[in-house]
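Readers should treat all values here as calculations from the given coordinates under stated rules, not as data from a laboratory. None of these values were measured; they are calculated from a predicted model. Every residue, glycine as well, gets a Cβ built from its backbone with ideal geometry; the counts of neighbours run over all protein chains shown.
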Amino acid sequence: MSAGATDAAANAGTTAVREGYRFDEAALARWMAEHVDGYEGPLTVEQFKGGQSNPTYKLVTPARSYVLRRKPPGQLLKGAHAVEREARVLSGLGPAGFPVAHVHGLCTDDSVIGSWFFVMAMVEGRIFWDATFPDVPRAERHLYFDAMNETIAHLHRIDPEAVGLGDYGKPGNYFERQIGRWSKQYLEDADAGRDPGMDRLVAWLPEHIPAGDESRVVHGDFRCDNLIFHPTEPRVLAVLDWELSTLGHPLADFAYHATMFRMPPDIVAGLGGADLDALGIPSERDYVAAYCARVGRPMIDDRDYAFYVTFNLFRLAAIFHGIKGRVIRGTAASAHAKERAGSLPKLIDLAIRSMEAVP
């Protein structure tokens with residue numbers, strides 16, 4: 001079984017609500033009846049297998065299904081798991097024509113199910129857990145990559161002020177702030193421990209930030225397995241998992257997405273080691289060029305691009321370090337979080353190699 005198939009088996013679909021993530025379903029049904037237009041019970045609750053951070057549930061009724069995202073139970077890092085921010089960005093981007101699920105309501109009353117949550121529409125379609133898109137004919141694969149490229153370019157063409165998100169994050173100094181944030185989270189998670197490679201990255205990154213600054217809404221985790229594609233067409237219907245979104249540098253966001261070309265598939269959905277030409281998938285350089293053309297900018301400088309990739313590998317390593325801490329504390333939302341935590345050394349090594357390759 002391929003790594004992508006393993007991920008699909010581990011992430012796809014739903015299961016019974018796991019121990020430690022149950023809540024008062026009758027209380028949720030009462031809240032739905034009061035706050036969600038057109039809601040009619042009875043309500044059945046299932047838990048999605050995927051999702052590392054915020055537990056995600058499928059809410060099934062006779063007429064339609066919904067999705068619930070909540071803060072996880074237990075002790076949380078300050079500022080993490082901000083479901084209210086997810087709800088806000090979805091509500092801002094949807095009316096602008098960007099493909100996201102419709103938000104039905106946000107609840108900031110802990111007494112309903114024990115933590116804040118929001119309910120959104122269930123978008124039916126396909127999620128590709130394997131970045132080689134093995135279920136798509138070779139002749140069509142480039143169309144799916146083009147759809148991903150157009151979708152992230154669309155996001156970065158949106159003026160945050162025009163969609164009510166001008167204050168969604170702090171404008172300016174994005175890399176300084178992000179490096180500081182993830183360094184602090186890494187350094188303060190005593191349960192997960194320290195790593196010499198991470199310490200090197202924490203020291204190196206602030207000294208190598210490229211010149212220039214821009215600000216757009218950034219997704220923060222734009223990957224093929226966070227997209228819902230049309231059931232039969234190469235078209236993105238919804239972008240999922242906005243918990244890392246903020247105002248930030250669009251090239252950081254795009255470079256994170258483009259790390260798929262270097263990422264081994266056993267860490268997250270990646271193309272590392274794949275024969276792109278044989279698969280009918282564009283090269284990394286052609287993919288970068290297509291994005292730059294869509295957003296109307298010159299080709300990204302090689303040195304700057306190398307920094308952006310290194311920064312993103314560090315940031316992902318910091319996220320996996322946080323998953324390791326949650327596994328140790330017993331608050332990890334995903335059934336296969338231990339596997340993710342186990343991939344941390346390999347991810348740190350990728351980041352170090354990328355750092356050492358910066359011209």
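Of note:
- For the pair region 297-335 / region 120-152, the C-alpha centres are spaced 22 Å from each other.
- Relative to the dominant Cα principal axis of the chain, helix 25-35 is inclined by about 80°.
- A quarter of the convex hull surface defined by the alpha-carbon atoms of region 276-359 gives 7.6 nm² as the mean projection.
- When the Gaussian network model of the chain links Cα atoms closer than 10 Å, the mean-square fluctuations of ALA290, ALA337, ALA63 top out at ALA63.
- Residues TRP182, TRP31, ranked from the fewest to the most other C-beta atoms within 10 Å, line up as TRP31, TRP182.
- Dipole of the chain, positive end: most advanced residue of PHE320, PHE222, VAL358 [Cβ charges, Cα centre]: PHE320
- MRE, 222 nm, helices only [DSSP H, n ≥ 4, -39500 (n - 2.57), over the chain, to nearest 500]: -13000 deg cm²/dmol
- GNM result for the chain, Cα springs below 10 Å: residue of SER283, SER245, SER91 fluctuating most strongly: SER283
- Each residue of region 242-251 was assigned a 3J(HN,Hα) from its phi angle through the Karplus curve 6.51 cos²θ - 1.76 cosθ + 1.60 (θ = phi - 60°); the sequence is 9, 5, 9, 6, 6, 8, x, 7, x, 6 Hz, with glycine and proline shown as x.
- Over region 216-333, equivalent-ellipsoid semi-axes from the Cα gyration tensor in Å: 24, 18, 16
- Cβ-based exposure ranking for PHE48, PHE229, PHE314, in which fewest neighbours within 10 Å come first: PHE48, PHE229, PHE314
- In the elastic network of the chain, a GNM with C-alpha springs shorter than 10 Å, the most mobile of GLY105, GLY97, GLY212 is GLY212.
- The magnitude of the dipole of the chain, with charges of +1 and -1 set on the Cβ of Lys/Arg and Asp/Glu and taken from the Cα centre, is near 520 debye.
- Taking each of LYS58/LYS346; LYS71/LYS184; LYS170/LYS338; LYS58/LYS184; LYS49/LYS346 in turn, the alpha-carbon distance tops 31 angstrom for LYS58/LYS346; LYS170/LYS338; LYS58/LYS184.
- Phi-based couplings in Hz for region 257-274 (Karplus 6.51, -1.76, 1.60; Gly and Pro marked x): 4, 6, 5, 4, 5, 10, 7, x, x, 8, 9, 9, 3, x, 10, x, x, 7
- Cβ-based charge dipole, region 146-286, positive-most Cα from ALA153, MET263, GLN178: GLN178
- Each residue of region 189-195 was assigned a 3J(HN,Hα) from its phi angle through the Karplus expression (A = 6.51, B = -1.76, C = 1.60, θ = phi - 60°), giving 8, 5, 4, 7, x, 9, 9 Hz with x at Gly and Pro.
- Put simply, the Cα atoms of region 138-356 extend 46, 36, 34 Å along their principal axes, the longest span coming first.
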